[in-house]
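For reference, the structure discussed in these notes is given below.
The values are calculated or read from the model by the stated rules, or taken from the named source; none is laboratory data. Quick caveat: nothing in here was measured; it's all calculated off a predicted structure. Cβ: placed from backbone, ideal geometry, glycine included. Neighbour counts: every protein chain shown.
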């Protein structure tokens, strides 16, 4: 059975560790965790069999999962490929893809890297956020898979099949466009909502009491971590700005309709928005 | 045991009907439902014991629950108070309070009206959206309760206690400010998010595939009904505009930080937004 090395035992890395081990894909899980408290917690929680150094992890693992924020991942990936032996594979799980693919485009070991983005998560982070079944039934994007060796892609398809994910193939640039349009904008609007409510509503008790009127689900993503989201928003700068501009435009249209008591315009905006029902539950 | 009349057997009225009957607060539930299909569905689902006319409902019920969109409620409430007999009570469950309170401010039967807003719901509507336990553990706002007779308030406190709601008392104008700041703005940002994603992302399959990256929970409220939300947004016009303006400002600040790759500004914005964690789960 395979030894899987996981660099970064946070929400994603830790959750992968749980299911890959429990479901028999990994015989052994080696963990790399720079934060000492997180490393100890991960061991206490049984996320990894051993905490090892980065070098040990690269040397001893059959598959290496790079599960750190995308800023750090872009720096670490070339170093891992410098050291990796034949027949071993490294994957990343980052939320932006163009930068990380560019960072190893001409690397001689590029074929041993498979670029993936499992579309699952919660607003929490750290090993204490790891949970079984996090990935079940979700989509996993494989970006630029033609740049990887077919045997490596096949092995990683099996890894995600063990996590009950369905694969979707697209280029790294398409990935960054589509995630900006759907996922990244949702985080930005949620951050802005939290800032607004905290600014306008000085009484925290009112926020708590009224949160069940829809606020709590809409603002959920505003709990997301700055270390993860700053590099996503800056690396995916152009796509994120584009979709933010469209969003601000829509808000302005909504504002005008409210300001002028224009019930027809409001009906059109709301009913157009309702079309999202046809796509997602 | 009391006879409870429910005008409007939708999500809120229907869900109240289920629990008030099941938990023994109501011996009989009389339903008024203008929409014939909804009325038949409500009977098939057992939400009401009888479907009756508005007049019958007012004459035969001990407590009348006005559970229609706020535009219709403002028109119906004075007519109900015109007809209501002594010792009977009418309550509304609308999401804005100033207009409905103003509509009966000098009505001779004002004391028999208790103005409430149970803070619970889903993005679905109609009798088919009704569910048991919808209100459990949530807050219910009593607005301008000093305008109602104490015996009437007491009876309605018991009604909401049966629904496992905790009462909160405030003026109708405070209610409209605070719901705008917390609940109404969440709906507007969600509508705008749906409009944005449907505009930018032409491929519905991508929306579906990427929705688990947080989009689905953030956009949930965008499925909400235009008939319900148009009167809320126009009746609560001033408060809603104020909070929308603050929201647009926050989005602009976020946009500037992304546009200028200003990581410090982004960190401050995200960490300020994260403070919402201290208030709601």
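Observations on the model:
- The set of residues from the stretch B:254-281 being more than 7 Å from chain A (Cβ to nearest Cβ), touching a helix residue (DSSP H, G or I) at 6+ places or on another chain (Cβ under 9 Å) and surrounded by fewer than 17 Cβ atoms within 10 Å (Cβ to Cβ) comprises B:256, B:262, B:264, B:265, B:268, B:278, B:281.
- Residues of the stretch B:56-67 that are more than 16 Å from residue B:112 (Cβ to Cβ) and in contact with a helix residue (DSSP H, G or I) (Cβ under 7 Å, 6 or more places away or on another chain): B:67 alone.
- The stretch A:200-216: number of residues that are at the interface with another protein chain (Cβ under 7 Å from one of its Cβ atoms), over 12 Å from residue B:189 (Cβ atoms) and not in a helix (DSSP H, G or I): 1
- Members of the stretch A:27-52 that are in a loop (DSSP other than H, G, I, E, B) and without any contact (Cβ under 8 Å) to a residue 40 or more places away in the chain: A:34, A:35, A:46, A:49
- The stretch A:17-32, residues that are within 19 Å of residue A:132 (Cβ to Cβ) and crowded, with 17+ Cβ neighbours inside 10 Å: A:17, A:18, A:19, A:20, A:21, A:25, A:26, A:29, A:31
- Residue that is within 7 Å of another protein chain (Cβ to nearest Cβ), touching a residue at least 24 places away in the same chain (Cβ under 8 Å), buried (at least 24 other Cβ atoms within 10 Å of the Cβ) and over 17 Å from residue A:257 (Cα atoms), where the choices are B:188, B:219, B:197: B:219
- Residue in the stretch B:136-144 that is touching a residue at least 60 places away in the same chain (Cβ under 8 Å), under 23 Å from residue B:176 (Cβ atoms) and within 21 Å of the chain's Cα centre (by Cα) present: no
- Residues in the stretch B:225-253 that are more than 7 Å from every other protein chain (Cβ to nearest Cβ) and touching a residue at least 12 places away in the same chain (Cβ under 8 Å): B:225, B:227, B:228, B:231, B:232, B:235, B:236, B:239, B:242, B:253.
- Residue in the stretch B:167-176 that is facing chain A (nearest Cβ under 7 Å), surrounded by 24 or more Cβ atoms within 10 Å (Cβ to Cβ) and either touching a residue at least 12 places away in the same chain (Cβ under 8 Å) or on the phi < 0 side of the Ramachandran plot (or both) present: no
- Of the residues B:5, B:24, the single one that is outside any helix (DSSP H, G or I) and over 19 Å from residue B:90 (Cβ atoms) is B:24.
- Meets criteria (in contact (Cβ under 8 Å) with a residue 60 or more places away in the chain and in the same structural domain as residue B:12 (by TED's automatic domain parsing)) for residue B:157: no
- Residue under evaluation residue B:82, criteria (1) out of contact with any strand residue (DSSP E or B) (no Cβ under 8 Å at 6 or more places or on another chain); (2) closer than 20 Å to residue B:12 by Cβ; (3) away from chain A (no Cβ under 14 Å), criterion not met: (2)
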